[in-house]
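Undergrad: Below: one structure in structure tokens.
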């Protein structure tokens, strides 16, 4: 799609990390709700092309934006492209995240920054830029993780970043009220990690009070609920099958 094209769509949703996995599912769901999609991606170029094709089949405009969320100037450029669509930005979903296995006592400062810059700093910077484009009624959704309240020693920077994201959600909700609502969704065992062995995934799922893993659709439904619930802001909706209870 070409920026500045003529169209009849009145609202735009920007989803970061929208080429793959949960971000892709969110972008497709919002497209089905009639939103034009600003589809952010970085390295996943081929996956982005496939997701773009799926959104185009739905019949809504899609505006691909490639940007490195670790780079402040590229984030600013991304929002310049969003503004250039000519559509009012109604929804921002901060979905992009990285989850490397690390050792808190044996990693470099650069390893810490690499995770924090994507998972936390980028969400803050995107919120600042989005707030300048949103009118009253704008919605921001941050994708946290049930691990924000856990002590996963194998993923220390990840869980710290997600805990920080939940605090950021509440701060933004207070600061941007009453015109923009900000909430978060914290998924649990939804998608098996690429470095998670099948037997480990099965063991974790069997421990859940509900006894089964969730689906991308469960997270999407939570996002849509928060988008449509005009009297909710500053909340974290946990979608984890009861994982937080164990």
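The values are calculated or read from the model by the stated rules, or taken from the named source; none is laboratory data. Because the structure is a prediction, the values reported are computed rather than measured. Backbone-built Cβ (ideal geometry, glycine too); neighbour counts: all protein chains shown.
Yes/no per residue for (1) in a loop (DSSP other than H, G, I, E, B); (2) over 16 Å from residue 119 (Cα atoms):
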position	(1), (2)
148	no, no
158	no, no
163	no, no
169	no, no
182	no, yes
189	yes, yes
196	yes, yes
209	yes, yes
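Undergrad: Counting only residues that are over 19 Å from residue 38 (Cα atoms) and either in contact with a strand residue (DSSP E or B) (Cβ under 8 Å, 6 or more places away or on another chain) or in contact (Cβ under 8 Å) with a residue 24 or more places away in the chain (or both), give me the helices (runs of 4 or more DSSP H) lying completely in the stretch 72-145 with at least 2 of them. I'd like the intermediate steps shown before the answer.
TA: Details: elements: 72-84, 109-116, 122-133.
Filter on the stretch 72-145 gives 109-116.
Undergrad: When residues of the stretch 24-57 are filtered for being closer than 23 Å to residue 132 by Cβ and assigned to a helix (DSSP H, G or I), how many remain?
TA: So the answer is 3.
Undergrad: Has the stretch 178-186 got at least one residue that is under 14 Å from the mean Cα position of the chain (by Cα) and either at pLDDT below 95 or within 30 Å of residue 108 (Cβ to Cβ) (or both)? Before you say what the answer is, go through the steps one by one.
TA: Pass one, the stretch 178-186, residues under 14 Å from the mean Cα position of the chain (by Cα): 182-186.
Of the ones still in play, those that are also either at pLDDT below 95 or within 30 Å of residue 108 (Cβ to Cβ) (or both) are 184, 186.
Yes - at least one qualifying residue is present in the stretch 178-186.
Undergrad: OK, next. If only one of 14, 22, 39 is crowded, with 17+ Cβ neighbours inside 10 Å and closer than 19 Å to residue 145 by Cβ, which one is it?
TA: Values: 14 fails: closer than 19 Å to residue 145 by Cβ; 39 fails: closer than 19 Å to residue 145 by Cβ.
Step by step, each of 14, 22, 39 is checked, and only 22 is crowded, with 17+ Cβ neighbours inside 10 Å and closer than 19 Å to residue 145 by Cβ.
Undergrad: Which residues, counting only those in the stretch 11-23, are part of a helix (DSSP H, G or I) and either modelled with pLDDT under 95 or more than 10 Å from the chain's Cα centre (by Cα) (or both)? Spell out how you get there, then give the answer.
TA: From the stretch 11-23, those part of a helix (DSSP H, G or I) are 21-23; that's our starting set.
The answer is 21, and nothing else.
Undergrad: Is it true that some residue in the stretch 218-229 is more than 16 Å from the chain's Cα centre (by Cα), over 27 Å from residue 126 (Cβ atoms) and surrounded by 14 or more Cβ atoms within 10 Å (Cβ to Cβ)?
TA: no
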